[in-house]
Amino acid sequence: MKRIFIVLSSTNTMLAKSIRKCTGTEFSHTSLALDNNFEEMYSFSRRKTNNPFVGRFKRESFDTGIFAKSKDCLCQIYTAQVTDEQIDKIKEKLEYFSNSKKTFKFNNLGLFACWFKIKFPRKYKRVCSQFVSECVDYACPEIILPKHYWIMQPEDFKFVKNIDLMYRGNMSDIPVGLSEEEILTRIEQLKDYDPNKFGKKRKK
């Protein structure tokens with residue numbers, strides 16, 4: 001068995017802040033990682049750091065681009081065990097996006113469609129949460145999305161079934177290279193967090 005990781009983040013850009021203010025949510029970006037060092041991490045995001053309106057499929061890193069300027073931002077990471085076959089299917093989907101990255105663009109209109117819960121399919125356009133949801137939906141049927149992937153927002157990943165919260169905190173403190181035992185320990189420590197209360201522990 002292997003693991004995938006879904007990274008929610010609230011970077012410090014004006015666009016990200018505007019999204020959070022308009023939606024009343026904590027998170028404005030979603031990434032998909034295939035390794036516990038977060039070196040194989042992918043999303044749809046801005047092509048150039050200083051231009052929020054031109055985006056594409058990208059391999060991301062915490063040390064480059066917007067992430068490098070947002071080390072103090074809040075992140076929340078979920079994880080799930082997957083089979084080798086499921087990893088292969090996710091990589092198949094990633095290869096499809098990578099091979100077509102000159103065709104696929106950031107789905108600016110999709111931002112508003114997601115906010116208003118309107119399914120607005122666009123063949124060669126994606127926002128970050130649509131992309132991650134599509135990959136998971138395609139490869140991992142036991143991971144159940146609360147909405148169709150066309151209207152998934154970053155905040156909605158708090159309510160996905162059969163994934164586990166393993167980290168909540170600053171981007172600069174994200175643990176890398178954890179063993180399976182360490183991951184399970186963190187999951188156990190965070191199992192009582194209530195997504196409806198922005199990370200506060202449920203009252204017993």
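The values are calculated or read from the model by the stated rules, or taken from the named source; none is laboratory data. For clarity, every value in this text was computed on a predicted model and none was experimentally measured. Glycine also receives a Cβ, built like all others from the backbone with ideal geometry; neighbour counts cover every protein chain displayed. Surface accessibility is based on the protein's heavy atoms, side chains included, excluding ligands, DNA and RNA. Shrake-Rupley method; radii C 1.70, N 1.55, O 1.52, S 1.80 Å.
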Take the range 79-142, drop everything but the C-alpha atoms, weight them equally and run the Debye formula without solvent; then report log10 I(q)/I(0) at 0.19, 0.23, 0.30 Å⁻¹ to two decimals. -0.78, -0.99, -1.25
What figure in square angstrom, to the nearest 10, would you give for the accessible area of K2 with a 1.4 Å probe? 100 Å²
Which of I144, I118, I183 ends up with the largest GNM mean-square fluctuation for the chain, with Cα atoms connected below 10 Å? I118
If R0 = 22 Å, then T64 and M14, at their Cβ-Cβ distance, give a FRET efficiency to the nearest 0.05 of 0.70
With equal scatterers on the alpha carbons only and no solvent term, can you work out the Debye log10 of I(q)/I(0) for the chain at 0.08, 0.09, 0.18 1/Å? -0.24, -0.31, -1.41
Give K119/K191; K119/K158; K93/K119 a once-over and call out the pairs whose C-alpha atoms are over 25 Å from each other. K119/K191
N170 and K147 label points (each 7 Å along its Cα→Cβ direction) are spaced in nm at 3.1 nm
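Count the net charge of all other residues whose Cβ sits under 15 Å from the Cβ of A80, scoring Lys and Arg as +1 and Asp and Glu as -1.
Taking every other residue near A80 into account, the sum is 0.
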So with the 1.4 Å probe, I'd like the accessible area per residue for the range 1-113, rounded to whole Å². 49 Å²
Solvent exposure ordering (accessible area, 1.4 Å, most first) of S179, S100, S31: S179, S100, S31
Zero-based 10 Å bins, Cα pair distances in the range 38-155, whole percents: 13, 43, 38, 6
Using a 1.4 Å probe on the protein chains only, how many percent of the accessible area of the range 117-160 belongs to carbon and sulfur? 59 percent
Go through the range 100-143 and name the trypsin sites (Lys or Arg not before Pro) that are in a DSSP coil and have 12 or fewer other Cβ atoms within 10 Å of their Cβ. K102, K117, K119, K123
